[in-house]
Structure formats: structure tokens, C-alpha cells
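The values are calculated or read from the model by the stated rules, or taken from the named source; none is laboratory data. Please read all numbers here as calculations on a predicted model, not as lab measurements. Cβ placement follows ideal geometry from the backbone for every residue including glycine, while neighbour counts extend to all protein chains displayed. Surface accessibility is based on the protein's heavy atoms, side chains included, excluding ligands, DNA and RNA. Shrake-Rupley method; radii C 1.70, N 1.55, O 1.52, S 1.80 Å.
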Amino acid sequence: MKSTNFEAELKSRIREIANLGVYATIALAVGDTRLTAFALADGRVRFDADLKADVTFVFDSAATALGIVTGSEEPIDAFMDGRFRADGHLPLAFVLLGLFRPGVDAAPPP
């Protein structure tokens, strides 16, 4: 999956309301290749692949990344299998999941 297709898929699924009160920048990568990055501020999401990230979520494939953020794959299973890891502020994983999955609380733990 090309990074432009990946970003378009994320944009079509985003729940901007889920990040109210969250100010962070998240990058998504496959290995050493960054797929996209986005800034969260004031309940809005701004995609820009060149942003400096507070956390980078690294996946074994774009399909795994999309599966995790959209809910068709379990993040804990992918983490335990070595298909998903985080470099940076790990609690932002809850924000990541909340942005694209209906019903998931996007607020990071205290």
C-alpha cells in the first residue's frame, strides 16, 4: 500500500472530536519508512509527513498499521508478535486508536 493511499484511508476514517484536549504529533512508519505524520491540536488533525513526532508507531507493514488503527487487528497481539512498536510517548497509542475507531476513548491515561 502506497503512503498516499494509506493517508487517504486514514483521512476517510478520522474522528477529529476524539482528540479534544490533546496536543501531540504522531508519526506512522513501516520499518524505517515514514508513512505519514499528523498533528493534533484544538480538536483538529493536520497531516504533514515532515512533522517532528512526539511518538512514532512502527509497524511491520502498512496493512498491519491500517488494521490496528481501524480495529480489524488487535494492537496487543501485534505488539506481542513484534509487528507493532512505539518510539516515544507510548500512551499516545490510545489517542491513535481513538481517532480512527468509533467508541474508543482517545484520552491518554494520566
task: Output the residue which, of all residues in the range 33-54 that are charged (D, E, K, R) and outside any loop (DSSP other than H, G, I, E, B), is least open to solvent (accessible area, probe 1.4 Å).
output: Arg34
task: Please work out which residue is nearest to Gly31 (Cα to Cα), limiting yourself to the range 71-100 and to residues that are outside any helix (DSSP H, G or I) and of a type in the set (A, V, I, L, M, F, W, C).
output: Phe84
- prompt: Within the range 58-79, can you find the residues that are in contact (Cβ under 8 Å) with a residue 12 or more places away in the chain and among the charged types (D, E, K, R)?
  reply: Asp60
- prompt: Which members of the range 26-57 meet the condition of being closer than 16 Å to Leu99 by Cβ, among the basic types (Lys, Arg) and in contact (Cβ under 8 Å) with a residue 12 or more places away in the chain?
  reply: Arg44
- request: Answer yes or no: is there a residue in the range 55-70 that is in a strand (DSSP E or B), open to solvent by 10 Å² or more (accessible area, probe 1.4 Å) and at pLDDT 90 or above.
  value: yes
statement: The residue that is modelled with the highest pLDDT, considering only those in the range 9-32 that are among the hydrophobic types (A, V, I, L, M, F, W, C) and either surrounded by fewer than 19 Cβ atoms within 10 Å (Cβ to Cβ) or in contact with a Pro (Cβ under 8 Å, 6 or more places away or on another chain) (or both), is Val30
